[in-house]
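Reading through the structure tokens given below for one structure.
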Amino acid sequence: MSSQKKELRKQLERGIESLGISLTEEQTHQLMCFLALLIKWNCVYNLSAIKDPSQMVTLHLLDSLAILPFLHGKRCIDVGTGAGLPGLPLAIARPDMMFELLDSNSKKTRFIQQVCTELGLKKVKPVQNRVQEYQPDEKFDTVTARAFTALPEMMSMTRHLVSTGGQLLAMKSKEAEATEHEGFELNKVKTLEIAGLDAIRKVVVYTAI
């Protein structure tokens, strides 16, 4: 293992510990493999504006894992997933859950499929579609959305995806105006403490009614 990879792994392990999350050696290895694939594909397909591997650990891996304690039920859909964030890190950390990763960009869903193939993630399904047009066979217990759109639009666009009593986890990079919306009840707003990240990160949790 190169010195850079060792440093990145140490950074990831420290960040996971600071989040209070317990992962196996295999799960940590899978996260590092995902990072390597993201770096490789990003050079060609521009999957992320972030190019620095250390920043990717903080802003992609740890940022995604920060909402792990808020996952609800057995089925999760990550809308506007992009390169599989937060969906892929969450799926690695919760192999017992089913995940669908939804994005309208075909190169991003192809990347997700490649990650699933190489890492053996059998409970992850990439879906190329627009959020408002996707009609799943079965609704979801949790909907995750990371920097997807403003909260009112997010709730309007995702209500048909989440089962009654299910939850919407909206990740926000600044102070979020946590408003009420038809079909949802505000549950809580939590500040996420992420190692190496100075910016404010919050998760706004809504329950579908």
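Observations on the structure shown:
- Rounded to 10°, Cα long-axis angle of helix 3-19 versus longest principal axis of the chain: 40 degrees
- Here the peptides 99-108, 8-17, 79-88 are ranked by packing, the mean other Cβ count within 10 Å, and the order with the highest first is 79-88, 99-108, 8-17.
- Under 21 Å from the Cα of K190 - lysines, other chains or at least 8 residues apart: K172, K174, K202
- In plain terms, the residue of C33, C43 with the fewest other Cβ atoms within 10 Å comes first and the most crowded comes last, giving C43, C33.
- Sorted ascending by nearby beta carbons within 10 Å, beginning with the fewest, I112, I194, I67 become I194, I67, I112.
- Exposure proxy order (Cβ contacts within 10 Å, fewest to most) of D141, D78: D141, D78
- Alpha-carbon centroid distance for the pair the range 131-181 / the range 49-112, whole angstrom: 15 Å
- Helix-only [θ]222 nm of the chain, DSSP H runs n ≥ 4, -39500 (n - 2.57) each, per residue, nearest 500: -10500 deg cm²/dmol
- Surrounding net charge for L102, when Lys and Arg each add one and Asp and Glu each subtract one, Cβ distance under 9 Å: -2
Bear in mind that the values in this text are calculations on the coordinates, not laboratory data. Quick caveat, the model's predicted, so the values are computed rather than measured. Neighbour counts run over all protein chains shown; Cβ positions are idealised from the backbone, glycine included.
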